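Chemist: This structure is in structure tokens; I'll ask about it shortly.
The values are calculated or read from the model by the stated rules, or taken from the named source; none is laboratory data. A quick note: this is a predicted structure, and the numbers were derived from the prediction, not measured. Counting neighbours? That spans all protein chains shown, and the Cβs are built from the backbone with ideal geometry, glycine included.
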Amino acid sequence: MARALSQDLRDRVVGAIEGGLSCRAAAARFGVGAATAIRWRQLVLQHGRAVARKQGGDKRSSRIEAHADFLLGLVEDEGDPTLAEMQARLAERGTPVGIGTLHRFFARHGITRKKRRATRASRTARTS
């Protein structure tokens, strides 16, 4: 992932724009993209300063984490429901999610969903 450009550079570009340069001219002078200079200028007009936002991180898991008690209770009550069954149960509750979302939820909570066949123990080698 690319790093955010420095606050010093942001301030110099915005200062040049406020000093009379156009956004495109200031961008060319400091070697940043025109769209970047325009966006920084808009941030200054809206918030007073063009500060970089925090990068990365999870932005969407809060939606399924709100149903964590329901999902973990479902696993305890029903024993071994499939991800598709849990997806259908969440859809009934008005929260449509994808199978991958459920998989990541259980991975975050350290719960494996692997199905294993019932086989007798082998004396010579591992069976699963």
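Chemist: Condition first: hydrophobic (A, V, I, L, M, F, W, C), crowded, with 16+ Cβ neighbours inside 10 Å and either modelled with pLDDT under 90 or outside any loop (DSSP other than H, G, I, E, B) (or both). Now tell me which residues in region 84-113 satisfy that. Show your work before the answer.
Modeler: Of region 84-113, the ones hydrophobic (A, V, I, L, M, F, W, C) are 84, 86, 88, 90-91, 97, 99, 102, 105-107, 111.
From what is left, the residues that are crowded, with 16+ Cβ neighbours inside 10 Å are 86, 90, 97, 102, 105-106.
Across region 84-113, the qualifying residues are M86, L90, L102, F105, F106.
Chemist: Write out, first by first residue and then by second, each pair whose Cβ atoms fall under 8 Å of each other, whose residues are 6+ apart or on separate chains, and whose first residue, in region 59-76, is touching a residue at least 40 places away in the same chain (Cβ under 8 Å) while the second is outside any helix (DSSP H, G or I).
Modeler: Note: pairs meeting the criteria are I64/T95; I64/V97; A68/H109.
Chemist: Mind checking which pairs have a first residue in region 37-48 that is on the phi < 0 side of the Ramachandran plot and surrounded by 13 or more Cβ atoms within 10 Å (Cβ to Cβ) and a second that is not charged (D, E, K, R) and not in a helix (DSSP H, G or I), Cβ under 6 Å, 6 or more apart or different chains?
Modeler: W40/A50; L43/A50; V44/A50
Chemist: Continuing with this model, one more query. Out of region 20-63, which residues are assigned to a loop (DSSP other than H, G, I, E, B), among the polar types (S, T, N, Q) and modelled with pLDDT of 95 or more? Step through it out loud before you land on a result.
Modeler: First, the residues of region 20-63 that are assigned to a loop (DSSP other than H, G, I, E, B): 20-22, 31-33, 48-61.
Narrowing further to those that are among the polar types (S, T, N, Q): 22, 55, 61.
If the condition is that a residue be assigned to a loop (DSSP other than H, G, I, E, B), among the polar types (S, T, N, Q) and modelled with pLDDT of 95 or more, then S22 is the only one that fits.
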